[in-house]
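Working notes, beginning with the structure itself.
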Amino acid sequence: MTDQPGQGSERSPEQRLPVPRPPSDRVPAKAERFTAPAQIQATGGLTPERAAKIVRQSGNARWVAFLGVSIVALFVIIYYFYETGLPYQLSVPRLDQQADAQQVTSIERGYNLFQANCARCHGALGQGGIGPVLNDQAKLFAHLSPAYIKNVLTVGGRYVCGNPASKMPVWADTNGGPLNYIAIQDLINFIRAPSTYEFVVHDALLNEPVLDAQGHVVTFKGWLDPTFKPAPDATTVPNCYLGDGGPVASQGALPSGATILEVTAQGVKYDVTTLTAPANTAFGIHFTNKDDATSHDVDIRKTDGTTVVVDNPTINGPTDTTYAISSLPAGTYTFICSVHPTLMSGTLTVK
Ligand code: HEC
């Protein structure tokens, strides 16, 4: 079939333009675009009453909208001050209130944790016992900082004086202990709780306030006195509660004229391999540790190298200390570094 130009639908599209209009009698009637109730159509438009009503109603609607917006605006303003606190500190910001409440809860939990885990060694009031005193103001002022307590609880008692055989266990579960980081934080908060505030003792299981025989709520106070200031001439609390080198090592514990043996550690070696001390009399070992940031000590053991006779605290070099040994029966002993027992030892003859 051949393409015949000019023949109706068989013309190609561009040949069909412009589209021919249909004959005028086939134009559809105009659609009714606006409808109004019949009585209005009957009047041929708005009656004055109807127009007045519409004006009144839209006025009311504007009032309602204004009221709605005002309520929302008022709420936003009030909430703003509720959240951030009134100016001139007339009210406490909500977040601070919450933080305070959480701090109190944490301290109260810390109290229970302390009584359950720590009191047997440090005393129910932190007054000390097997472990050193904790409720001492001078200690709380600087020594027992949150970071320090956290380290002690994470590393264990060896962190305090470098004694690897410390009785104080590791507490943090990150290091094999029983307490998680929240419990550790609760303990830190409790140890550093202010003595100006009264906290409520809660039952560890039910979390209900504990009542005494008279039905009063049992409370406790923190240890830290926020107004405490060390006396101007006060000596700083030593890093190790035993003092620098500890009481056994203080020269004062030795009678004057006592023999002092010299031992120096350098390069993880003692400078001497034999020492001689008098039997059954006090003598001292003046120990100099020249190894930077390395702990050494001079322990005295039986010649088997393992049975401890005198356990002296380690010192972290470079520093020196004097260990006082009250008396040893005559015999042959091994003096040894408990940190490097295979590298540092020698023979002590007591006669
Ligand atoms: C088995 C006894 C024992 C228990 C239980 C114990 N401690 Fe200790 N604690 C010690 C000893 C001992 C030391 C001293 C470290 C050393 O030289 O051996 C110490 C040291 C500390 C120190 C450092 C004190 C200072 O002056 O530097 C803090 C803080 C401490 N303990 C907190 C705690 C807390 C908190 C608990 C409970 C979770 C606890 N201890 C449980 C025995 C104990």
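Each value in this text was obtained by applying a stated rule to the coordinates, not by laboratory testing. From a predicted model like this one, the values you see are computed outputs, not experimental measurements. Note that each Cβ is placed from the backbone with ideal geometry, even for glycine, and that neighbours are counted across all protein chains shown.
Over all orientations, the range 101-221 has a Cα convex hull whose mean projected area works out to 8.0 square nanometres.
Take the Cα pairs of the chain, get the Kirkwood Rh, then feed it into Stokes-Einstein at 4 °C and 1.567 mPa s and tell me D in µm²/s. For these conditions, the coefficient is 45 µm²/s. Rounded to the nearest 0.05, the FRET efficiency derived from the C-beta distance between residue 290 and residue 260 at R0 = 22 Å is 0.75. Remark: spin-label model distance residue 173-residue 143 equals 3.1 nm, labels positioned 7 Å along the Cα→Cβ axis.
Would you please give the residues with an amide H less than 5 Å from that of residue 220, counting only those at least 5 places away or on a separate chain, with H modeled from the backbone geometry? Result for residue 220 returns 199, 200, 201. Fewest-first ordering of 334, 35 by other beta carbons within 10 Å of each residue's beta carbon gives 35, 334.
Computed from Cα positions, the angle between helix 48-84 and the longest principal axis of the chain comes to roughly 10 degrees.
Here 139, 167 are placed in order of increasing Cβ neighbour count within 10 Å, fewest first, which gives 167, 139.
For the chain, relative contact order (Cα pairs under 8 Å, six or more residues apart, normalised by length) works out to 10 percent. Among 184, 71, a tally of other beta-carbon atoms within 10 Å of each Cβ gives an order, fewest to most, of 71, 184. Exposure here means at most 16 other Cβ atoms within 10 Å; with chymotrypsin sites (Phe, Trp or Tyr not before Pro) in a DSSP loop as sites, the longest stretch of the chain lacking them is 35-196. Only helices enter the 222 nm calculation for the chain: every DSSP H run of n ≥ 4 contributes -39,500 (n - 2.57), and dividing by all residues gives -9000 deg cm²/dmol, rounded to 500.
For the residue pairs 229/290; 139/290; 150/221; 302/351, the C-alpha atoms sit more than 24 angstrom apart in 229/290; 139/290. Antiparallel beta bridges, as assigned by DSSP with both residues in the chain, represent about 65 percent of the total such bridges. The range 289-351 and the range 69-134 have their alpha-carbon centroids 49 Å apart.
Among the cysteines of the chain, 118, 121, 337 have no other cysteine beta carbon within less than 4.7 Å of their own. All Cα-Cα separations within the range 259-350 were binned at 5 Å from zero, giving a P(r) of 3, 16, 29, 28, 16, 7, 1, 0, each value a whole percent of the pairs. Of the residues 60, 125, 144, the one whose Cα sits farthest towards the positive end of the charge dipole of the range 33-162 is 60 (charges of +1 on Lys and Arg Cβ, -1 on Asp and Glu Cβ, taken about the Cα centre).
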